[in-house]
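*Asks:* Can you read through this structure? Questions will come right after.
The values are calculated or read from the model by the stated rules, or taken from the named source; none is laboratory data. These numbers come from a predicted model, not from an experiment. When we count neighbours, we look across all protein chains shown, and the Cβ atoms used for this are built from the backbone with ideal geometry, even at glycine.
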Amino acid sequence: MDKLNLKKYFSKSRVIFSAVYIVLLCTYWFLTTTNLYNLLLCNLLLVLVCNIVYGALNYKRRIMLILFNFMLFMFLLSRPTVYMFRQTAWYTFFSESTNVTALNCILLSSVALLLGYVTAEKAYPFFKRKNKKVVSRLPHIDSKIMGIITFSVMVICMLCFFAKDIDALMFMRGKAYESYFVDYQSRLPYIINFVAGFYDFSVFAFLATKPDKKISYVVLGAYVLSGIPMLIIGLRNPFMLKAVFAFVYFVIRNKERLPNGKKWIDKFEKILIIVSIPLVIMGMGVMNYMRSGEAVDLNPSEIAVDFLFKQGTTYDTVLQGIAYESSIPGEPRTFSFGPLYDNYVYGKLGNIVLGTDPDYIGSGNCFRSAYNSHSFAHAISYVVQGSGYLAGEGRGTSYLVENYVDFGYLGVFIVSFVLGMLLSWLRNMFGKIWLLNTVVLAIFASLPLMPRETTLYAIMDVLDYHFFVFIIGIFVLYGGTVFFKKIRKQ
């Protein structure tokens with residue numbers, strides 16, 4: 001029997017990292033008993049830094065852990081941090097206890113994310129051996145044929161998608177961007193809207209075939225550009241998510257060897273990333289003012305800080321959810337997994353199979369959405385904004401506040417632990433199985449926005465019956481192509 005290699009599990013760097021982490025957690029617990037709220041916030045920021053450092057030690061494999069912690073900071077901690085540096089008593093908004101509860105939720109989530117990630121990393125070798133056996137039993141898919149099919153489908157979906165966006169731009173001329181949520185209804189034929197809804201899936205499906213770098217550049221470039229019409233209207237998230245997805249895809253493929261010793265992320269890509277990050281931040285910061293019709297009179301550094309501050313509005317949403325938990329309208333219901341329930345029970349499938357009435361949960365910003373749907377974003381927005389909500393405004397949500405309202409601190413920890421494991425496993429799942437690659441890319445495309453979205457946001461697309469319809473359609477096309485190819489050879 002081999003001797004246990006203790007050095008492998010108790011290296012000097014791991015012991016130091018663990019010791020620092022434990023000290024930070026103990027310090028945080030002590031600070032919660034004091035009135036030193038700025039120190040409490042700094043302590044929490046250091047925990048996030050530790051998570052990012054752990055990810056940076058193997059950034060090629062842990063890119064999603066790094067990215068997710070950055071997003072936690074941007075969406076949930078940037079606002080109190082800016083307040084702190086501006087010497088504003090951020091902890092007096094609502095109450096000190098509400099702010100401490102919010103920080104506790106963020107801390108629990110950060111710690112659980114890291115623990116879940118590490119656990120999944122340690123368990124991966126076992127699942128890797130099992131995975132090889134499963135892969136060997138699966139039917140072979142010709143990546144060349146699948147690539148041609150998915151590319152053709154993607155082009156058709158892209159044309160319909162751009163037609164839909166042009167229709168939205170034409171409608172929104174001279175209108176405030178809130179009108180998009182309240183008044184806009186597509187004037188295009190149903191079939192165009194239907195096909196356009198598959199554009200994202202088609203991009204993931206094609207990229208899952210692992211095309212070469214040049215073709216990937218073209219496809220990802222078009223994908224990122226497809227977010228510009230919504231950006232012109234005033235919606236920043238689609239563009240930002242698509243840009244982040246393009247970056248993540250290159251990182252995922254970076255482990256592959258290319259001809260002539262080239263890499264997926266070479267000097268050009270590194271320069272592009274370094275240059276684009278500040279430009280995107282400046283652009284998104286300016287967009288805050290343009291969509292409100294205000295003049296921009298800030299310097300670049302002030303725009304960047306202002307951008308972070310306004311992205312941090314999700315922290316206020318968490319505070320509001322904690323403070324107004326008892327004021328949420330309608331019957332008591334679970335929000336963490338609610339959107340999936342609403343989608344299946346009150347969606348078209350539920351209408352046909354269960355005979356449910358979609359009007360029961362309403363559509364858009366209305367009383368029924370606030371009172372009957374399982375969307376925390378609608379419920380809390382109605383509580384906080386009232387008539388403003390009915391006019392198209394909204395507070396959004398966060399998986400943290402949903403988990404806390406539904407299940408308390410324990411729910412926050414468990415869901416975040418599972419999320420950490422998912423972040424780790426997804427990176428390793430991207431390999432030889434086309435369908436699994438497609439699912440992984442679809443989840444990766446949504447994960448960065450999780451801190452300001454509902455609990456199941458990252459996996460909602462792959463659990464939606466539209467995704468199943470798309471995948472079945474692709475397999476039908478693939479099967480038909482292979483069948484006719486065999487006939488031609490005979």
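*Asks:* Within the group TYR382, TYR360, TYR346, which residue is at pLDDT below 85, buried (at least 20 other Cβ atoms within 10 Å of the Cβ), over 21 Å from the mean Cα position of the chain (by Cα) and farther than 29 Å from PRO278 by Cβ?
*Replies:* TYR346
*Asks:* Here is a further query. Of everything in region 385-421, what is closer than 22 Å to SER363 by Cα, surrounded by fewer than 16 Cβ atoms within 10 Å (Cβ to Cβ) and free of Cβ contacts under 8 Å to residues at least 40 places away in the same chain? Give them in sequence order.
*Replies:* GLY386, SER387, GLY388
*Asks:* Let me ask another. Answer with yes or no whether SER373 is modelled with pLDDT under 90, of a type in the set (S, T, N, Q) and crowded, with 19+ Cβ neighbours inside 10 Å.
*Replies:* When the stated conditions are applied, SER373 passes them.
*Asks:* What pairs can you find where one residue is in region 204-224 and surrounded by fewer than 21 Cβ atoms within 10 Å (Cβ to Cβ), the other is part of a loop (DSSP other than H, G, I, E, B), and their Cβ atoms are less than 7 Å apart, with a gap of 6+ or different chains?
*Replies:* LYS213/LEU258; LYS213/TRP264
*Asks:* Another question about this same structure. Considering only residues that are within 27 Å of GLY386 (Cβ to Cβ) and among the hydroxyl-bearing types (Ser, Thr, Tyr), which ones fall in region 329-356?
*Replies:* THR334, SER336, TYR341, TYR346
*Asks:* Has region 341-357 got any residue that is in contact (Cβ under 8 Å) with a residue 60 or more places away in the chain, among the charged types (D, E, K, R) and outside any helix (DSSP H, G or I)?
*Replies:* Scanning region 341-357, I find no residue that is in contact (Cβ under 8 Å) with a residue 60 or more places away in the chain, among the charged types (D, E, K, R) and outside any helix (DSSP H, G or I), so the answer is no.
*Asks:* Here is a further query. Which of the following residues is crowded, with 16+ Cβ neighbours inside 10 Å, modelled with pLDDT under 95 and closer than 30 Å to SER387 by Cβ: PHE198, PHE162, PHE171?
*Replies:* PHE171
*Asks:* Restricting to region 451-464, and then to whatever is buried (at least 23 other Cβ atoms within 10 Å of the Cβ) and of a type outside the set (Asp, Glu), can you tell me which residue is farthest from LEU108 (Cα to Cα)?
*Replies:* Residue satisfying both the conditions and the ranking: ALA458.
*Asks:* For region 138-162, which residues satisfy the criterion of being small (Gly, Ala, Ser) and either touching a helix residue (DSSP H, G or I) at 6+ places or on another chain (Cβ under 6 Å) or more than 25 Å from ALA196 (Cβ to Cβ) (or both)?
*Replies:* Correct list: SER143 only.
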